[in-house]
C-alpha cells in the first residue's frame, strides 16, 4: 500500500482500477508513417478537410450578422480548398512519408514564416489566417486520436498527465469513478467541470504514469487530495464503507431533483447555479436548477492575447440563454483584476490589485471593451431571460455610469438595425461594505442585488482567506458581515428589488438558515452543490430562522 | 493561351479580400490560370499562391489563361482589377 498526498481538486471517494493514458507518446509516434499507410493517410486528409469545411460552413451560417467574420471564414475555406495545398500535403505524405499531422504542421509553419517575413504589415498579418486554419485542422485531427478513452468503463479511475475540459466530459460519459493527474490546479477549467459533475479527482501527483501500473486497485479521496495505491484490506474496507455512506447520501439528495426549493413554511427560495465556463451548462440543466444566478465571463478574457469579438461573446451568451429559457441567466460583466488582463489591455502595474482597477472599474476605464460585452449581452436576450450584473460596485455612481453605457449601446444597435431586446433587468453585486451601506440608493437604480459574500467578507474583515496565517479571521458569520447583509436586504426589499447570495457562503449548510432568516430571495451555488443546499432549504423554517438570527445578531430595527 | 498585363490600381494592393475574389472567379472556369510578377509565377486558382505574391499598389502583373474558356476567364479577372475590387 502506498499513500500519496496531492492537490484536492474535486471531492468524493472513488475506488477503482487504474487506466493509464499516455497522450503525448501517441502524438510523437505519428510523425512519420510506413509505406503501406500512405493511402490511408491521404484518405484521412480528405475527410478531415471536408469535415473542417463543413464546420466552417456552419459557423458562416450562424454569423449572419457579421460581414467581416464571414469574409475571413470564406478565405479560410478557400485555403482548405486550395489546389496547391492539396498537392503539397500529398507530396509530403507520399514522397516523404510524413504523417498527416506532421505534414500540415510543416506546410503551415513555412507559410506562416513566409508571411511573417514580408515587409508590408498588412501581408505579414495574413500569417494569422494560415495559423488559424492549421489550428482548426490539427484540433480536428487530434480529437480523432482520443479513442484511447475506449478502454474506460464504470470501474475505471483515469490516470494521465493532464486532462482537457472536453476530455473530462468524455471520461464522465464513460461513467468512470474518478481521475488523477500530474498537472492541474484547483481553478483550471477541467477541475471546475469535475466539481460540477461531482467526479472525484486528485491532481499534482508527480511522475504519476510511472508510479501507478495499469489495472492496479486505487482509491481517490478527493476532499483530502489523497491517492492510495493498492490499499490493504483494512483501508479498503474503511473506504468502501465511507464510499457507501456518501453514495447513500447522494442518492437521498438526488431524489430532491424534482422538488421545488421551498422552506417548510412555504417560501420559495430560487436555487440557481454559478457557472464559470459554458461547459457547465449541461449540469445546470440536468440538476434542474432555477437558472443561472452568476455567469462569470472571465474565461473569455483570461489567458488570451486578443480581446474576444462581439460575435464570439454573443454566440456563447445566446446559447446559454436559449438553453436555460425561460429560467433566468444573470451575466456578470468582466470581473478580474488588471493583473490578469495585462496581456490584452494596457494596464499599469498595481501594488495592490485587490483594491485596484478591477470589476466595474476596469470596464469603465475601457469603455470600448465594456461596450462590446454589453452589446453582445443585449443581442443575446432574444428570450427575455437575460439579466446584466455589475461587479465591484462601491457606490451608486458606477451603476449610473454603467447604465448610461447600456443606453448608448442600445442606441447604437438600433441605428445599426441589429436585433436586440431593449428590455433587460440590471443588478449590482454588493461585495464592498460601502455598497452595502448605501444599498438604498443602489437598489433605487437596480432590479436586483446579488451579495458576493467572498469579497464582502474579505473587504469587511480585512482578511485574505488564502493567507493561511490569518485564515481563522475569515468568518462568514461575523456580526459585521451579517449586519451589512441585513442592511442590504432591507433596503432592497423597500425598493422592490430581489436579493440573491452568490458567494461560497451560500453553499455551506451551516449558513443556509442564517441567510434564509435574513430574508434573501435567491441562492446561487456551484452546480455540484445544488442538492446539498436544496436539502437545507427544505429543512428550514423561515419565521423560526428569522427570529434566531434577529436575536443572535441583535438585528431589531 | 492568352496573356494580358495589368497594373494594380487599388491602393491597398492585393490583400485577402481581392485575393479571395480572384480565386473565386478563376475557379469557375476550366482553363488553367497563372499569375506572374517579376520572377514569381503562381497558380491563380490557389489562394495561398495569390496571397504570397504580395502584390502592392502600382505593381505590374501578367495574367496567363490557357484552356477552352480562357477568354472569359481573362475578361472577368481584368474587370475585377479595373473595378478596384469594389473598394474605392
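Against the numbered list (1) at pLDDT below 90; (2) buried (at least 17 other Cβ atoms within 10 Å of the Cβ); (3) out of contact with any helix residue (DSSP H, G or I) (no Cβ under 6 Å at 6 or more places or on another chain), residue B:36 comes up short only at (1).
Flag: residue A:80 matches the condition of being at pLDDT 90 or above and within 14 Å of chain B (Cβ to nearest Cβ).
For the range B:67-85, filtered to residues that are modelled with pLDDT under 90 and exposed (fewer than 14 other Cβ atoms within 10 Å of the Cβ), the residue that is farthest from the other protein chains (Cβ to nearest Cβ) is B:82. So which of A:250, A:245, A:264, A:234 ends up being in contact (Cβ under 8 Å) with a residue 12 or more places away in the chain and assigned to a helix (DSSP H, G or I)? Within the list A:250, A:245, A:264, A:234, the selection yields A:250.
Are any residues in the range B:30-39 more than 10 Å from the chain's Cα centre (by Cα), in a strand (DSSP E or B) and more than 12 Å from chain A (Cβ to nearest Cβ), and if so, which ones? Result: B:37, single match. Residue A:45 falls short on exactly one of the conditions (1) modelled with pLDDT under 90; (2) surrounded by 14 or more Cβ atoms within 10 Å (Cβ to Cβ), and that condition is (1).
For the range A:307-326, the candidate set comprises residues that are assigned to a loop (DSSP other than H, G, I, E, B) and over 20 Å from residue A:59 (Cα atoms); within that set, the residue that is modelled with the highest pLDDT is A:326. On inspection, residue A:450 fails the criterion of being on the phi < 0 side of the Ramachandran plot and more than 27 Å from the chain's Cα centre (by Cα). For the range A:412-423, the criterion of a residue being surrounded by fewer than 18 Cβ atoms within 10 Å (Cβ to Cβ) and under 16 Å from residue A:296 (Cα atoms) is satisfied by no position. Of all the numbered requirements in (1) surrounded by 14 or more Cβ atoms within 10 Å (Cβ to Cβ); (2) within 11 Å of another protein chain (Cβ to nearest Cβ); (3) closer than 25 Å to residue A:116 by Cα, residue B:27 misses one, and that requirement is (3). If the condition is being in a loop (DSSP other than H, G, I, E, B) and at pLDDT below 90, then the range B:1-27 contributes B:8, B:9, B:10, B:11, B:12, B:13, B:14, B:15. Residue pairs whose Cβ atoms lie under 7 Å apart, sitting 6 or more positions apart in sequence or on different chains, and linking a residue in the range B:44-66 that is more than 9 Å from chain A (Cβ to nearest Cβ) and part of a helix (DSSP H, G or I) to a partner that is crowded, with 16+ Cβ neighbours inside 10 Å and at pLDDT 80 or above, are B:50/B:19; B:50/B:22; B:50/B:23; B:50/B:35; B:50/B:42; B:50/B:44.
Of all residues in the range A:55-69, at least one satisfies being at pLDDT below 85, within 12 Å of chain B (Cβ to nearest Cβ) and under 30 Å from residue B:56 (Cα atoms). The set of residues in the range B:39-58 being modelled with pLDDT of 85 or more and surrounded by fewer than 19 Cβ atoms within 10 Å (Cβ to Cβ) consists of B:39, B:40, B:41, B:42. Within the range A:164-187, the residues that satisfy the criterion of being in a loop (DSSP other than H, G, I, E, B) and either in contact with a helix residue (DSSP H, G or I) (Cβ under 8 Å, 6 or more places away or on another chain) or farther than 17 Å from residue A:8 by Cα (or both) are A:164, A:174, A:175, A:176, A:182, A:184, A:185.
The residues on offer are A:150, A:182, and the sole one that is within 22 Å of the chain's Cα centre (by Cα) and within 19 Å of residue A:20 (Cβ to Cβ) is A:182. Listed by position, the helices (runs of 4 or more DSSP H) inside the range A:487-557 whose residues that are surrounded by 24 or more Cβ atoms within 10 Å (Cβ to Cβ) number at least 2 are A:512-518, A:530-539.
If residue A:246 passes every condition in (1) over 29 Å from residue A:544 (Cβ atoms); (2) in the same structural domain as residue A:366 (by TED's automatic domain parsing) but one, which one does it miss? (2) is the only condition that residue A:246 fails.
Condition check ((1) more than 30 Å from the chain's Cα centre (by Cα); (2) within 28 Å of residue A:299 (Cβ to Cβ)) across all residues:
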| residue | (1), (2) |
| --- | --- |
| A:215 | yes, no |
| A:226 | no, no |
| A:241 | yes, no |
| A:247 | no, no |
| A:254 | no, no |
| A:257 | no, yes |
| A:260 | no, no |
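Go through the residues of the range A:26-38 one by one and say whether even a single one is modelled with pLDDT of 90 or more and closer than 14 Å to residue A:141 by Cβ. Checked against the condition, which is being modelled with pLDDT of 90 or more and closer than 14 Å to residue A:141 by Cβ, the range A:26-38 yields no hits at all.
Checking each residue in the range A:92-111 for being within 14 Å of another protein chain (Cβ to nearest Cβ) and either without any contact (Cβ under 8 Å) to a residue 12 or more places away in the chain or crowded, with 18+ Cβ neighbours inside 10 Å (or both) picks out A:104, A:107, A:108, A:110, A:111. Of the listed requirements (1) over 28 Å from the mean Cα position of the chain (by Cα); (2) touching a residue at least 12 places away in the same chain (Cβ under 8 Å), residue A:414 misses just one: (2).
The values are calculated or read from the model by the stated rules, or taken from the named source; none is laboratory data. Just so you know, these numbers come straight off a predicted model, no measurement behind them. When we count neighbours, we look across all protein chains shown, and the Cβ atoms used for this are built from the backbone with ideal geometry, even at glycine.
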